[in-house]
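One structure is given below, encoded as structure tokens.
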């Protein structure tokens, strides 16, 4: 349960930082790239605990390796 609380805390912190960055970046071509990167980061943070749940509570480093070698 602690890992879910940590994941939620990280998600909230990253979302607040992303909102602050979004407010500070002036309108223009760079803003859409900043939104893309922050959105990808938030999606990664959402997928980490879900992948860990499906892969049997593996460590964070092992999750990526198991996902990459799942079809082998």
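FYI, it's all coordinate maths here, none of it is from the lab. Computed from a prediction, not measured in an experiment: that's the story for all the values here. Using ideal geometry, Cβ is built from the backbone for each residue, glycine included, and neighbour counts are taken over all protein chains shown.
Values computed for the structure shown
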| quantity | calculated |
| --- | --- |
| Those residues of region 34-55 which are more than 9 Å from the chain's Cα centre (by Cα), surrounded by 11 or more Cβ atoms within 10 Å (Cβ to Cβ) and assigned to a helix (DSSP H, G or I), in sequence order | 34, 35, 37, 49, 50, 51, 52, 53, 54 |
| Matching residues in region 1-30 - criterion: being part of a loop (DSSP other than H, G, I, E, B) and surrounded by 11 or more Cβ atoms within 10 Å (Cβ to Cβ) | 25 |
